[in-house]
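One structure is given below, encoded as structure tokens.
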Amino acid sequence: MEPAGMDYFCEQVQQKDVGRRMQVGQELLEYLGDPARSTDVEQDQQRLDKVIDELTAWVNSSNFKVRL
């Protein structure tokens, strides 16, 4: 499996598959919850902005599980 980092999440949050979104969402929460693993979060503001933009679209999703 590819190591989780902002590059990985930037690519993965664009997935349209609901099951994959659920998995990536959980991985992202674990990643952000561990400061030792998420040292690159603030390194590339443009990449972080893209991830946040994609997550905003998740909030507007018609699937309640994705929204949560």
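Return the carbon/sulfur percentage of the accessible area of the chain, one whole number, probe 1.4 Å, all protein chains in place. Don't skip to the answer; put the middle values down first.
Details: 2370 of 4730 Å².
Of the solvent-accessible surface of the chain, carbon and sulfur hold 50 percent.
Once C-alpha pairs closer than 8 Å and six or more residues apart are averaged by separation and normalised to the residue number of the chain, the relative contact order reads 36 percent.
Loop exposure criterion: trypsin sites (Lys or Arg not before Pro), DSSP state outside H, G, I, E and B, at most 14 other Cβ atoms within 10 Å. Applied to the chain, the longest stretch between such sites is 38-68. Taking only the alpha carbons of the chain, we obtain Rg and Dmax values of 11.6, 34 Å in that order.
Placing pseudo-labels 7 Å out from each Cα toward the beta carbon at Q26 and V59 gives an inter-label distance of 2.4 nm.
The values are calculated or read from the model by the stated rules, or taken from the named source; none is laboratory data. It should be emphasised that the depicted structure is a prediction, and the values quoted were computed from it without experimental measurement. Counting neighbours? That spans all protein chains shown, and the Cβs are built from the backbone with ideal geometry, glycine included. Heads up: the accessible areas ignore ligands, DNA and RNA and are worked out on the full protein's heavy atoms, side chains in. Shrake-Rupley method; radii C 1.70, N 1.55, O 1.52, S 1.80 Å.
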